[in-house]
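Engineer: I'd like to ask some things about the structure below.
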Amino acid sequence: MQRLLTNAGPIAHLSGDGPITGVIEDESAYVSESGLGLLIEDHVITKIAESQELLSEYSHLETLDLEGKAIVPGLVDSHTHLLWAGDRSREVAWKQKGISYLEIAKMGGGIAATVGPTRTASDADLTHLGIERMREALRNGTTHLEAKSGYGLDTETELRMLSIAEGLGAIQRLPSLDLTWLGAHAAPMGSDIDTYFEEIMSEQLPAVIEQGIARSADVFCEPGWFSVEQSEEILQHSRKKGLDLRIHIDEFVDGGGGELAADLKVSTADHAHYTNDDSRMAMSDAGVNTGFLPGTPYSMGEDYPPFQKCLENNWAWSVATDFNPNCRTLSLPFIGSLLVQRNDISPITALVACSRNSAETTPHPSGLIHGQIKEGAVANLNIVDGPLWESWCLQPGHSPFAATMLEGELIFH
Ligand code: NIG
Ligand code: FE
């Protein structure tokens, strides 16, 4: 199927190779003037040219006149905990009393408190939750999500979560998924990290490999959860078995996860809030992306991580929602607003952080480029509800998009 989009306003295409680092001095390198059109063939952008040129060459095609609306890439959410059941809203009262995330976990709240409801939820319930969440993400312009397991914390349920997520990824007209096994997320109730670590190594990791659904492995490497040594062992074995690596580090303190991330050359080291500068430098030299998750400190009333430092030092970084029971947003435009309206980051840099740069760590299942608008890329893009592309991140609380093109198909919001 072929179709045309014509009379676009400015297109924030962000096209190029690899991540964009440093302050963007010349925005015009990444944003085209108004008046262009796009030829879409099946799920691919095959031509970008002046609207008149396309209209005369392809006059027979179905055409959508954008009447000057701006376009940005399909957003890429490179860190989500998509599947879980239950509700931890009451933990807000503990947080407001100043009780820390670690103390809440020790009191029986936190990750382990989500495991019970997740284990008892049926496949149908979890599938329903997953579909609703993916629709919400799509309404906010997300065309691809990385999705982690991690609320089963036993072999049977971790495998079940991955299998349900695989089913979700195959549903048409929903964002594509990239699946990560995060069995090493916390110790299940009644166990402890050291005992559970042994179970992961002897039983869960081999079972996940045999199942063959997860593309990557992830570990919550943080004092109070998995140690640097345990994280290293899990990730090394996972890599030997063919998995790509991601890691949660330094969310609450500098626990040495940054050095490990650099040594292992993981694809992305996420949270990385309290990582020291030497480790950040080593991560950058090793080609490791820093995946900031500002929705989490927002949810907990804490400060934001040092985005500016990454810009000053030309370190590659991205942002994602970290959607989980403790941070319940699937809106990357809201995360963009946190960057722009709370942290003085420019709209173009914020957009790069949740499209082109985040796509570097989570490939599209087609194998084509995504997170950018260029010929040969997946036809994933957002039509902004107005003439200025900057408004993508300036409307927290509702979607800034009139429509999303998802793998060549137009979905109106
Ligand atoms: O990335 N911190 C580790 N994991 C999640 C939170 C999980 C939870 O609180 O349920 C995160 O923020
Ligand atoms: Fe997370």
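Engineer: With surrounded by 23 or more Cβ atoms within 10 Å (Cβ to Cβ), out of contact with any Asp or Glu (no Cβ under 9 Å at 6 or more places or on another chain) and either within 17 Å of Thr143 (Cβ to Cβ) or not aromatic (Phe, Trp, Tyr) (or both) as the only criterion, which of Ala353, Ala320 stands out?
Structural biologist: Values: Ala320 fails: out of contact with any Asp or Glu (no Cβ under 9 Å at 6 or more places or on another chain).
After ruling out the rest, the residue left standing is Ala353.
Engineer: Let me ask another. Which of the numbered conditions does Phe252 fail, given that it passes all the others? Conditions: (1) surrounded by fewer than 23 Cβ atoms within 10 Å (Cβ to Cβ); (2) free of Cβ contacts under 8 Å to residues at least 60 places away in the same chain; (3) within 16 Å of ligand 1 (Cβ to nearest atom); (4) not in a helix (DSSP H, G or I).
Structural biologist: That leaves (2) as the condition not met.
Here's the yes/no breakdown for (1) hydrophobic (A, V, I, L, M, F, W, C); (2) surrounded by fewer than 22 Cβ atoms within 10 Å (Cβ to Cβ); (3) without any contact (Cβ under 8 Å) to a residue 40 or more places away in the chain; (4) not assigned by TED's automatic domain parsing to the domain that holds His43:
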site	(1), (2), (3), (4)
Ala124	yes, yes, yes, yes
Thr127	no, yes, no, yes
Leu138	yes, no, no, yes
Leu159	yes, yes, no, yes
Gly190	no, yes, yes, yes
Ile200	yes, no, yes, yes
Leu205	yes, no, yes, yes
Glu210	no, yes, yes, yes
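Engineer: From the list Ala85, Ala70, pick out the single residue that is within 16 Å of ligand 1 (Cβ to nearest atom) and touching a residue at least 40 places away in the same chain (Cβ under 8 Å).
Structural biologist: One residue alone meets the criteria, Ala85.
Engineer: Next question, about the same structure. For region 255-293, give me each residue that is outside any loop (DSSP other than H, G, I, E, B), β-branched (Val, Ile, Thr) and under 14 Å from Asp218 (Cβ atoms).
Structural biologist: Thr268, the sole residue that qualifies.
Engineer: Also, I was wondering about something else. Could you tell me which of the residues Leu153, Leu75, Leu83 is crowded, with 24+ Cβ neighbours inside 10 Å, under 24 Å from the mean Cα position of the chain (by Cα) and under 19 Å from Val319 (Cα atoms)?
Structural biologist: Values: Leu153 fails: under 19 Å from Val319 (Cα atoms); Leu83 fails: under 19 Å from Val319 (Cα atoms).
Among Leu153, Leu75, Leu83, only Leu75 is crowded, with 24+ Cβ neighbours inside 10 Å, under 24 Å from the mean Cα position of the chain (by Cα) and under 19 Å from Val319 (Cα atoms).
Engineer: Filter region 1-26 down to residues that are surrounded by 15 or more Cβ atoms within 10 Å (Cβ to Cβ) and closer than 30 Å to Ala286 by Cα, then give me how many there are.
Structural biologist: Qualifying residue count for the region: 8.
Engineer: Here's a check for you: in region 132-148, which residue that is within 16 Å of ligand 1 (Cβ to nearest atom) and out of contact with any His (no Cβ under 8 Å at 6 or more places or on another chain) is nearest to Phe197 (Cα to Cα)?
Structural biologist: So, considering only residues that are within 16 Å of ligand 1 (Cβ to nearest atom) and out of contact with any His (no Cβ under 8 Å at 6 or more places or on another chain), the one nearest to Phe197 (Cα to Cα) is Leu145.
Engineer: Given the conditions (1) within 16 Å of ligand 2 (Cβ to nearest atom); (2) surrounded by fewer than 22 Cβ atoms within 10 Å (Cβ to Cβ); (3) assigned to a helix (DSSP H, G or I), and given that Thr329 satisfies all but one, which numbered condition is not satisfied?
Structural biologist: If we test Thr329 against (1) within 16 Å of ligand 2 (Cβ to nearest atom); (2) surrounded by fewer than 22 Cβ atoms within 10 Å (Cβ to Cβ); (3) assigned to a helix (DSSP H, G or I), just (3) comes out false.
Engineer: Restricting attention to region 229-242, which residues are surrounded by fewer than 23 Cβ atoms within 10 Å (Cβ to Cβ) and within 16 Å of ligand 1 (Cβ to nearest atom)?
Structural biologist: Gln230
Engineer: Limited to region 206-250, what total is found for residues that are away from ligand 2 (no atom under 16 Å from the Cβ), more than 16 Å from Ser267 (Cβ to Cβ) and among the small types (Gly, Ala, Ser)?
Structural biologist: Looking only at that region, the number is 3.
The values are calculated or read from the model by the stated rules, or taken from the named source; none is laboratory data. Nothing here was measured: the structure is a model prediction, and the numbers come from that model. Note that each Cβ is placed from the backbone with ideal geometry, even for glycine, and that neighbours are counted across all protein chains shown.
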